[in-house]
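Student: If you scroll down you'll find the structure; I have some questions about it.
The values are calculated or read from the model by the stated rules, or taken from the named source; none is laboratory data. Given the structure is predicted, the values throughout are model-derived calculations rather than measurements. With ideal geometry, Cβ positions are generated from the backbone for all residues, glycine too; neighbour counts draw on all protein chains shown.
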Ligand code: NDP
């Protein structure tokens, strides 16, 4: 049995109840086969794959808080510090009822390679809770965030572990958590990113993941002799990533015709009205039915269905495992040329393979959505310098990072004879840097 297969067996045995983690490890290790097999004995002797698939440490804790009726509620909190070979742990906090240890581990594992790809000094981590922010009052959100941070504050710090936002954690939640950290530790430091602009946040951080996704997509198109101008784009999600991906795609001359949330989706033949979508989702925190009610060109449909709309480019920006094999078949049948992932692991392994086998240019989330964490790292730099850069300065750095990521993953795939396999390219490029650092630091 090859070393990769041995470790895959071990990971499956040790983490049997964590399907998403197994899925992420399987995807990464399979694509690293050419790298590992070129020097198998060396990797095995140093137990590189066992070390990189085992988190440095993981915390699970009780989060008690009081709701508006005076009832005590209890949620479960998580922080997984996966690998800090190239910098402090860095990765978001997800607040969603589906959160469990396996989901946080899959996200933390992916984060190692994504953060490495940004070329900035940040390690991999992730956290969150099964708390559901939907329908909660601001006071309830604050009570939860304060209780969550009371425990989390023991394990994080500006040079140790710097969490950020993710699903369910936006500027409001980061603000409440930052306030509680400051109260408990008595220091004003860049311990979280995604902060408000008046207390250490970075301009362009809000837009960064969606904008970065489009900067990379545009470079990919350009390198294939195409442009964004006049292209029809299908986007899923209606949160932070989806909104700013839609905005940037439209600024580049494309037409985005869909968005979705966890209950339904919109087809808007005139192109999504971003200002209206922001009003519905960011201000009113309402359902997409309100978007349809305010826009005559929009149709609202219950359930899932954005991938059935004919498009040139598809950008999944909602959540994991939302683009399935049958969706991939529909996209190919409709002539879709390019899929770039704004969300983390939205495409299942069989759907990814189908898209790649059918000539679709496919870039996974590790590379395509790295603009968010890259800009978080730029926020850390600004906090360390105690300076704030202009929007244009941060945006220019983000563009540069995303264009470099595209060329790095393209080159890495070519070096191993897998031209056009950007998934393998991303895993290889991210892996090589982390492994070099791990080896230099000895057995740890
Ligand atoms: P938000 O919470 O802002 O938005 C998430 C969107 O996805 C919402 O429209 C939500 O709908 C929808 N959604 C969530 N869960 C499900 C589900 N189970 N089924 C269908 N739809 C769902 O999150 P973000 O936009 O920040 O994150 C989206 C994705 O991008 C995630 O995978 C995240 O990990 C990834 N990501 C985010 C980064 C960032 O900077 N924000 C950085 C890199 C990756 P509803 O409102 O109904 O819940």
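Student: Restricting to the stretch 149-172, name every residue that is within 16 Å of the ligand (Cβ to nearest atom) and surrounded by fewer than 23 Cβ atoms within 10 Å (Cβ to Cβ).
Tutor: 168, 170, 171, 172
Student: Another question about this same structure. Just the residues that are under 21 Å from residue 231 (Cβ atoms), more than 10 Å from the ligand (Cβ to nearest atom) and part of a loop (DSSP other than H, G, I, E, B), please, taken from the stretch 298-345.
Tutor: The answer is 305, 309, 310, 311, 312, 334, 335, 336, 337.
Student: Test of understanding: among 126, 90, 105, which residue is at pLDDT 95 or above, crowded, with 24+ Cβ neighbours inside 10 Å, in a helix (DSSP H, G or I) and touching a helix residue (DSSP H, G or I) at 6+ places or on another chain (Cβ under 9 Å)?
Tutor: So the residue among 126, 90, 105 that is at pLDDT 95 or above, crowded, with 24+ Cβ neighbours inside 10 Å, in a helix (DSSP H, G or I) and touching a helix residue (DSSP H, G or I) at 6+ places or on another chain (Cβ under 9 Å) is 105.
Student: Given the conditions (1) in contact with a helix residue (DSSP H, G or I) (Cβ under 7 Å, 6 or more places away or on another chain); (2) under 21 Å from residue 167 (Cβ atoms), and given that residue 262 satisfies all but one, which numbered condition is not satisfied?
Tutor: Here residue 262 clears every test but (1).
Student: When the stretch 200-225 is examined, which residues are found to be part of a helix (DSSP H, G or I), out of contact with any helix residue (DSSP H, G or I) (no Cβ under 6 Å at 6 or more places or on another chain) and either at pLDDT below 95 or within 14 Å of the ligand (Cβ to nearest atom) (or both)?
Tutor: 206 - this is the single residue of the stretch 200-225 that is part of a helix (DSSP H, G or I), out of contact with any helix residue (DSSP H, G or I) (no Cβ under 6 Å at 6 or more places or on another chain) and either at pLDDT below 95 or within 14 Å of the ligand (Cβ to nearest atom) (or both).
Student: Further, regarding this structure: Does the stretch 173-203 hold any residues that are over 25 Å from residue 96 (Cβ atoms) and crowded, with 16+ Cβ neighbours inside 10 Å, and which are they?
Tutor: If the condition is that a residue be over 25 Å from residue 96 (Cβ atoms) and crowded, with 16+ Cβ neighbours inside 10 Å, then 182, 189, 190, 200, 203 are the ones that fit.
Student: For a quick check of your reading of the model, give me the residue pairs whose first member lies in the stretch 155-171 and is within 18 Å of residue 345 (Cα to Cα), whose second is near the ligand (Cβ under 8 Å from one of its atoms) and not in a strand (DSSP E or B), with beta-carbon atoms closer than 8 Å and at least 6 apart or on different chains.
Tutor: The qualifying pairs are 165/194; 165/240; 166/107; 167/96; 167/239; 167/319; 168/96.
Yes/no matrix, rows are residues, columns are (1) modelled with pLDDT under 95; (2) out of contact with any strand residue (DSSP E or B) (no Cβ under 9 Å at 6 or more places or on another chain):
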| position | (1), (2) |
| --- | --- |
| 159 | no, yes |
| 162 | no, no |
| 170 | yes, yes |
| 173 | no, no |
| 176 | no, yes |
| 180 | no, yes |
| 183 | no, yes |
| 186 | no, yes |
| 197 | no, yes |
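Student: Could I ask something else about it? Exactly one of these conditions fails for residue 194: (1) closer than 24 Å to residue 241 by Cβ; (2) more than 18 Å from the chain's Cα centre (by Cα). Give me its number.
Tutor: (2)
Student: Does residue 292 satisfy being assigned to a helix (DSSP H, G or I), more than 12 Å from the ligand (Cβ to nearest atom) and surrounded by fewer than 24 Cβ atoms within 10 Å (Cβ to Cβ)?
Tutor: yes
Student: Whether any residue in the stretch 309-325 is more than 18 Å from residue 232 (Cβ to Cβ), touching a strand residue (DSSP E or B) at 6+ places or on another chain (Cβ under 6 Å) and crowded, with 24+ Cβ neighbours inside 10 Å is what I want to check.
Tutor: The answer is yes; a qualifying residue exists.
Student: Quick one: would you say residue 352 is surrounded by fewer than 24 Cβ atoms within 10 Å (Cβ to Cβ) and touching a residue at least 12 places away in the same chain (Cβ under 8 Å)?
Tutor: When the stated conditions are applied, residue 352 passes them.
Student: Could you tell me how many of the residues in the stretch 103-139 are over 16 Å from the mean Cα position of the chain (by Cα) and within 15 Å of residue 345 (Cα to Cα)?
Tutor: Of the residues in the stretch 103-139, 0 are over 16 Å from the mean Cα position of the chain (by Cα) and within 15 Å of residue 345 (Cα to Cα).
Student: Give me a count of the residues in the stretch 74-87 that are surrounded by fewer than 17 Cβ atoms within 10 Å (Cβ to Cβ) and touching a residue at least 40 places away in the same chain (Cβ under 8 Å).
Tutor: So the answer is 1.
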